[in-house]
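> Next up is a structure, given as structure tokens.
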Amino acid sequence: MRAVHRKDGFLDFVKKRNPDILCLQETKASPDQLPDEIRAIEGYESYFSSSEKKKGYSGVAAYAKKKPARVERGMGIKKFDEEGRILALHYDDFTLFNVYFPNGGGGPERLQYKLDFYDAFLAHIETIRKKGVPIVFCGDVNTAHEEIDLARPKENETHTGFLPEERAWLDEVVAAGYVDVFRHFYPEKTGAYTYWDMKMRARDRNVGWRIDYFFVSSDLLPRVKGVKILSEVYGSDHCPIEMEMK
């Protein structure tokens, strides 16, 4: 977040796109590390959840024109919440979860942490949805769901981000009644990615992965007008995605 701001990219993006709600993942900054102009953007309420384990790691942020009824950080499980990965913005007609899901790299323990986080998160949002609250969740899920969602599926079948057990969780999400908004509108679209390996200059060749998502509970789907992958926006190894709701 700080690096993009130093390149004059962040505030320009906010001004140009003018989002009602902006969700950021892997901010790598706590509020006290941010300059005033991006800690509090004029016209927006700002919310942050930062890693308690180490500085400059993980973290999510949200900016909203309309103040939520309440904001929650985490899901009440210390080992997950201490990494600053979840912000929940509760509005009268839906709850929005902004999530930076763990990466499964770094060995078996970290992969298990990711899978456990997945299970805990789905259980958490299901508890809320069963109270009659429509759900939106968005962010870096760190897994490509189907072969169509990455440029080289065969080469990555044994790599984290496309492992069968990671992909199986996304099957569970869909089976539970959550809709991958991009695939709803573009079921057959190929070459649509949100992440590229910068070391390999993969973006120049569009050798990418679609690992950033908007999911909505099925009761919200009639309100969704559309979704876009903003692949023309640079500044990160990911690009933004945008969803419009009525």
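The values are calculated or read from the model by the stated rules, or taken from the named source; none is laboratory data. Keep in mind that this is a model prediction, so the values were computed, not measured. Backbone-built Cβ (ideal geometry, glycine too); neighbour counts: all protein chains shown.
Quick grid of which residues meet (1) among the hydrophobic types (A, V, I, L, M, F, W, C); (2) surrounded by fewer than 20 Cβ atoms within 10 Å (Cβ to Cβ); (3) at pLDDT below 95:
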| site | (1), (2), (3) |
| --- | --- |
| R6 | no, yes, yes |
| D20 | no, yes, no |
| L24 | yes, no, no |
| P35 | no, yes, yes |
| E45 | no, yes, no |
| Y57 | no, yes, yes |
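> OK, next. Does A123 count as crowded, with 18+ Cβ neighbours inside 10 Å and closer than 19 Å to A175 by Cβ?
Answer is no for this residue.
> Next question. Mind listing whichever residues of segment 68-95 are within 14 Å of Q25 (Cα to Cα) and part of a loop (DSSP other than H, G, I, E, B)?
Hits for segment 68-95 are G74, E83, G84, R85.
> In addition: What number of residues in segment 217-246 are modelled with pLDDT of 95 or more, polar (S, T, N, Q) and either part of a strand (DSSP E or B) or within 17 Å of the chain's Cα centre (by Cα) (or both)?
So the answer is 2.
> Restricting the first residue to segment 147-171 and requiring it to be assigned to a helix (DSSP H, G or I), which pairs with a second residue that is modelled with pLDDT of 95 or more and among the basic types (K, R) meet a Cβ separation below 8 Å and a spacing of at least six or different chains?
I148/K189; D149/R210; E166/K114
> Another one. Identify all residues within segment 193-216 that are over 16 Å from the mean Cα position of the chain (by Cα) and part of a loop (DSSP other than H, G, I, E, B); write none if there are none.
If the condition is that a residue be over 16 Å from the mean Cα position of the chain (by Cα) and part of a loop (DSSP other than H, G, I, E, B), then D197, M198, K199, M200, R201, N206, V207 are the ones that fit.
> Please enumerate the residues belonging to segment 110-146 that are in a helix (DSSP H, G or I), of a type in the set (S, T, Y) and either under 14 Å from the mean Cα position of the chain (by Cα) or over 13 Å from F80 (Cβ atoms) (or both).
Residues satisfying the conditions are Y118, T127.
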